[in-house]
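Only one structure is covered here, and it is reproduced in the block below.
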Amino acid sequence: MFIVSLTYRCDLSEIERHLPAHIAYLDKYYAAGVFLASGRKVPRDGGVILATAPNRAALLTILAEDPFQRHLLADYQITEFVPRGC
């Protein structure tokens, strides 16, 4: 499992311009079962995606489709972890 932390590289006005396409991208991978949760950071300087993928390379391929990635609007930090129940 992976935590993807996005940090915006531009003004929020530019993020807002690409937000509908980003949401459509998220919806595609929620439907595919790859994304489990996502949301804005507080303060709003980026976002977080909780993802499941077979490996880092597969996740990088998926993240390359993100409009925020394609338009160089955000930096991505990926942390892989092994989940445990509580």
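Taken together, the values in this text are just the output of simple stated rules run on the coordinates, not laboratory data. Since the model is a prediction, treat every value here as computed from it, not as a measurement. Reconstructed Cβ throughout: ideal geometry from the backbone, glycine too, with neighbour counts over all protein chains shown.
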Among I23, H71, L50, the residue whose Cα sits farthest towards the positive end of the charge dipole of the chain, when +1 is placed on the Cβ of each Lys and Arg and -1 on the Cβ of each Asp and Glu, is L50
Note, region 50-60: 3J(HN,Hα) by Karplus (6.51, -1.76, 1.60, θ = phi - 60°), whole Hz, Gly/Pro = x, goes 9, 10, 10, 8, x, 6, 4, 4, 5, 5, 4
Applied in sequence order to region 10-23, the curve 6.51 cos²θ - 1.76 cosθ + 1.60 (Karplus, θ = phi - 60°) yields integer Hz couplings, x standing for Gly and Pro, of 8, 5, 4, 4, 6, 4, 4, 5, 9, 4, x, 5, 5, 5
HN-Hα couplings for region 73-82 via Karplus (6.51, -1.76, 1.60; θ = phi - 60°), in whole Hz with x for Gly/Pro, come out as 8, 8, 9, 10, 10, 10, 10, 8, 8, 9
Checked against the structure, the computed Rg/Rh (Cα atoms, Kirkwood Rh) among (1) 1.21; (2) 0.91; (3) 0.96 is the one labelled (3)
Total charge of the residues flanking K28 in space, meaning their Cβ is under 12 Å from its Cβ, with Lys and Arg +1 and Asp and Glu -1, is -3
Length gained if D75 through R9 is fully extended, taking 0.36 nm per residue and subtracting the Cα-Cα distance, is 23.1 nm
